[in-house]
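Only the coordinates and a few stated rules stand behind these numbers; no lab work does. Remember, predicted model here, so these are calculated numbers, not experimental data. Every residue, glycine among them, receives a Cβ derived from its backbone with ideal geometry; neighbour counts consider all protein chains shown.
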């Protein structure tokens, strides 16, 4: 397993704790189906993933995870209100050019939405930007600005502001330090490397 | 989740060939009532099998062919055969549909002309071919006849039903009609509801046949008949199996042989013309015009939403897990129609996956050799199976 994959086990566990056993789960940006596989094993969920990339879907099939290749908004529009018990957006929001409609649609088809993202306000990112005056480059921000991923970096402060503005109810939140493991209780926008939120309508 | 976790491909031995195969005939000797209400005193299905049926008789995979296909989907009939069966690159020992593991079965559809009962079969009442007195055939009739063949072979279930185009329609119908019998459905380049465009192309093909004076209301002698009309129907249909990009790549504006660029003539000048004429000419030697009418009509009538009230209701009994594969350049059964199958299955609470391959080869993409597609098919069929 890569270093990043090891780091990821904790946020997977936290989302796993939030998910009710045997619930119907939609994973937006499911990638290779690692999280869904974990949820199927540990929570016996009835899960479906959505991703754009054929090879990701093929990896899901290899794992035995059901998945849909295509646009996540178009996918959600094909389902009635509240069809899913929970929608998960794990490290996906920051990849989207326009996350707001996705969040709105996820809260329509899902009774709850779990969001996990890398905190762009983390002090190391700020320091890098301050010292070098350039886009941070590290294990999370691996690419140069011109083939930039993530497309839409978001900080904890940004996200909290967005939820307040859109009147989205934050049911739970969990902030992790730079190791993505240890809980972070002080000044999360500065000291948390990773953030998890559960939203409800 | 975007972490790229490497999945080490399992070591596999070099794929082999099915080799020499021979067709068999299943003769059903009791009356068969078609969806139309018409009855045949019995019917024959010609079929082939590859691989070995296990002791539990539960390792079978059924391959379902498209409009102009047949039961010969893998291997060769004689060492002198120039071409193997139509899906030979998919099926064989160590291939995506692995005949070392599965017992693979494929039958010519009811209404066909490659050995199964169809309009070119002899009507025992008249001693002449049925012609258009043959009962109207639906996709559901084809599937019900195949089930009788499965019962005859003593199969206890099907590990998979696989097909593209009209074969994909049969896949869906199998999962609906015999839900407890089917473990996995793999439908490619298909639809749950034949579109107006699809019906339109079928109708042009039928008109080409029926307007040919040699058609004689379907009552023509074996080997004769509307050869010109059938060839034109095939030429037209063949275009719908390709794409603008693939035709341009394959033929472009290339001239045939020493064709004079400047000559104002209606003889074959472009390679694409020559190719289509060849397609038409070779088709009339292996296909019956009345079968073409019957099978295209069966495709036209295929509309699961109308037949069951809605697509979700149609899929309500399904127990199988489904994989639907669409192809970006398929404009006969475009990706959206394939997606809709997976979405409706999901809405009906079933396990379904949709994958889409980016190819520029059009509708026929599902038949082309693609390691990406084959690995997907193998993973889908073999996960959780013995």
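Which of B:308, B:354, B:374 ends up with the largest GNM mean-square fluctuation for chain B, with Cα atoms connected below 10 Å? Taking springs between Cα atoms under 10 Å, the residue moving most is B:308. Taking Cα atoms, how many degrees apart are the long axis of helix A:156-165 and the longest axis of chain A, rounded to 10 and kept between 0 and 90? For A:156-165 against chain A, the angle is about 60 degrees.
Which FRET efficiency value, to the nearest 0.05, do you get for residue B:14 and residue A:164 by plugging their Cβ-Cβ distance into 1/(1 + (r/R0)^6) with R0 = 56 Å?
On the way: r = 62 Å, r/R0 = 1.10.
So the FRET efficiency works out to roughly 0.35.
In deg cm²/dmol and to the nearest 500, what is the mean residue ellipticity at 222 nm of chain B if only DSSP H runs of at least 4 residues count, each as -39500 (n - 2.57), divided by the residue total?
On the way: 11 runs with 124 residues, N = 386.
Dividing the helical sum by the residues of chain B leaves -10000 deg cm²/dmol.
GNM on chain B, alpha-carbon springs under 10 angstrom: the most fluctuating residue among B:299, B:162, B:199 is B:199.
Mind ranking A:116-128, B:72-84, A:69-81 by how tightly packed they are, going by the mean number of other C-beta atoms within 10 angstrom, highest first? Don't jump to the answer; show the numbers that get you there.
On the way: A:116-128: 20.0, B:72-84: 15.2, A:69-81: 17.2.
In descending order of packing, they fall as A:116-128, A:69-81, B:72-84.
Inter-chain Cβ neighbour count for A:86-95, averaged per residue, equals 1 (cutoff 10 Å, partner chain atoms only). Estimated from helices alone, the mean residue ellipticity of chain A at 222 nm is -11000 deg cm²/dmol (sum of -39500 (n - 2.57) over DSSP H runs with n ≥ 4, per residue).
Ignore the peptide's own chain and count Cβ atoms of other chains within 10 Å of each Cβ in B:352-362; give me the average, rounded. Mind dumping the intermediate values first?
Details: counts 4, 11, 9, 11, 6, 3, 1, 0, 0, 0, 0.
Mean partner-chain Cβ count within 10 Å for B:352-362: 4.
With a 10 Å cut-off between alpha carbons and a GNM built on chain B, which of B:372, B:293, B:110 moves the most? Among B:372, B:293, B:110, the largest mean-square fluctuation in the Gaussian network model of chain B belongs to B:372. Quick one: helix A:54-63 against the long Cα principal axis of chain A, what's the angle to the nearest 10°, folded into 0 to 90? On a 0 to 90 degree scale, this one is about 60. Distance between the 7 Å Cα→Cβ label points at residue B:199 and residue B:360: 3.4 nm. With contacts taken as Cα pairs under 8 Å and at least 6 residues apart, chain B reaches a relative contact order of 17 percent. Treating each Cα of chain B as an identical point scatterer and ignoring solvent, apply the Debye formula and state log10 I(q)/I(0) at q = 0.12, 0.13 Å⁻¹. Here log10 of I(q) over I(0) equals -0.96, -1.13. Extension gain for the segment residue B:29 to residue B:267, taken as residue separation times 0.36 nm less the Cα-Cα distance, is 80.6 nm to one decimal. Ordered by the count of other Cβ atoms within 10 Å of each Cβ, fewest first, B:275, B:292, A:38 give B:275, A:38, B:292. Put simply, the stretch B:157-216 fits an ellipsoid with semi-axes of 32, 13, 9 Å; these come from the alpha carbon gyration tensor as the roots of five times its eigenvalues, largest first. Counting Cβ atoms of other protein chains within 10 Å of each residue's Cβ and taking the mean over peptide A:60-73 gives 6.
Maximal additional length on extending the residue A:134-residue A:146 stretch stands at 3.1 nm, based on 0.36 nm per residue less the C-alpha distance. Stretching residue A:179 away from residue A:81 to a fully extended chain increases their span by 31.6 nm, per 0.36 nm per residue minus the current alpha-carbon distance. Taking a label point 7 Å from the Cα of residue B:239 along the Cα→Cβ vector, which residues of the stretch B:353-386 have an amide N closer than 20 Å to it? Flagged as within label range: B:360-365.
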